[in-house]
Amino acid sequence: MLLERKTIIITGASSGIGAAAAKLFAAEGARLVLGARRAELLETIVNEISADGGEADFIAGDVEENGYAEELVKRAEVRFGGLDGAFNNAGTIGDIGPVPDMDESNWHKVMAVNLNSGFYAAKHQIPAMRKRGGGSIVFTSSFVGHTIGLPGMAAYAAAKAGLIGMTQVLAAEHGPENIRINALLPGGTMTPMAGEDAGYHEIVRGFHALKRMADPSEIARAALFLLSDHGSFVTGTALLADGGNSINKL
């Protein structure tokens, strides 16, 4: 029970990596506050967790909004007495295309969902963890913009690289308060964001040294390590869980 009696926020929890993390963390004893836009999917996951004897709550909303980040923290404090960790996992790829042809609104949307949301999360989560005497925050970043530049993904790369920079500064600032902050960089993962094109999946598998894409549960287990006491001396990292994508050239 690596997260026994720990209260954890998960955003982007309605599907994919976030939903897999919710089920895994609950099985490891965490009390959860789940966030995403789709209330009906969040309710289904909460009901499944409750049926298995776990504890979970949810608030539907938009991670682009500062007030939503604050609401999630308040729910953790009111419902479960405080906040011990957060997996800030919500994100979007946005429209793919070269910068000269990119609509300005797409740039700002991708920044808002991927990077601004991280700022809002940290702004409210860190003070709550300070009250508990410590905690752990994980941001979902990407190898895109860190170890490789994929054409057409400048906005996504900039936002996800920004999360890594913010992670490093926050880790340095709040390490003395026993608050650990890390970024998790998944490789290609079989989530709804990956679509259903089998030909595309075959191409993506080839990018990885392991010649396959990840199951969402595999990325969730990497987040579990960072949030649990097993990662107690890990902070300020950009942890690759990318199946060798970053080092594979064939």
Among 100, 216, 127, which one moves the most in a GNM of the chain with springs linking Cα atoms closer than 10 Å?
100
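For residue 96 and residue 70, what does the FRET efficiency come to when R0 = 35 Å and r is the distance between their Cβ atoms, rounded to the nearest 0.05? List each step's numbers first, then the result.
Working: r = 32 Å, r/R0 = 0.92.
That gives a FRET efficiency of 0.60.
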At residue 40 and residue 212, where each label point lies 7 Å from the Cα along Cα→Cβ, what is the point-to-point distance in nanometres?
3.3
Can you sort 136, 228 from fewest to most other Cβ atoms within 10 Å of each residue's own Cβ?
228, 136
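Mind putting a number on the dipole of segment 7-247 about its Cα centre? Charges go on the C-beta only, +1 for Lys and Arg and -1 for Asp and Glu, and I need it in Debye to the nearest 20. Before the final figure, lay out each step's value.
Numbers: 18 positive and 27 negative charges, 125 e Å.
Roughly 600 debye, rounded to the nearest 20.
What number, in percent, do you get for the relative contact order of segment 151-250 if the mean sequence gap of Cα pairs under 8 Å and at least 6 apart is divided by its residue count? Kindly include the intermediate steps, with their values, before the conclusion.
Numbers: 117 pairs, mean separation 37.1, N = 100.
Relative CO of segment 151-250 lands at 37 percent.
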Could you quote the convex hull projected area for the chain, Cα atoms only and averaged over all directions, in nm²?
13.0
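Provide Rg over Rh for segment 209-250; use the alpha carbon set for both Rg and the Kirkwood Rh (inverse mean inverse pair distance). Kindly include the intermediate steps, with their values, before the conclusion.
Numbers: Rg = 12.1 Å, Rh = 11.6 Å.
Here Rg/Rh amounts to 1.04.
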With equal scatterers on the alpha carbons only and no solvent term, can you work out the Debye log10 of I(q)/I(0) for segment 1-149 at 0.09, 0.11, 0.14, 0.16 1/Å?
-0.28, -0.42, -0.65, -0.82
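What is the mean projected area of the alpha carbon convex hull for segment 105-167, to one decimal in square nanometres?
Details: hull surface 17.5 nm².
Over every viewing direction, the Cα hull of segment 105-167 projects on average to 4.4 nm².
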Specify the longest stretch of the chain that does not include any exposed loop site, a site being one of the GluC sites (Glu not before Pro) with a non-H, G, I, E, B DSSP assignment and at most 12 other Cβ atoms within 10 Å.
5-195
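Where does each of 207, 233 land when they are ranked from fewest to most other beta-carbon atoms within 10 angstrom?
Lowest count first: 233, 207.
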Percent relative contact order of the chain, based on C-alpha pairs within less than 8 angstrom and at least six residues apart?
20
With everything on Cα atoms, drop me the angle between helix 216-227 and the longest principal axis of the chain, reported from 0 to 90° to the nearest 10.
50
Quick one: plug the Kirkwood hydrodynamic radius of segment 25-70 (C-alpha pairs) into Stokes-Einstein at 20 °C, 1.002 mPa s, and report D in µm²/s.
194
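Since every read-out is calculated from the coordinates, none of them should be taken as a lab result. Treat the numbers as computed from the prediction; the structure is a model and nothing was measured. Neighbour counts run over all protein chains shown; Cβ positions are idealised from the backbone, glycine included.
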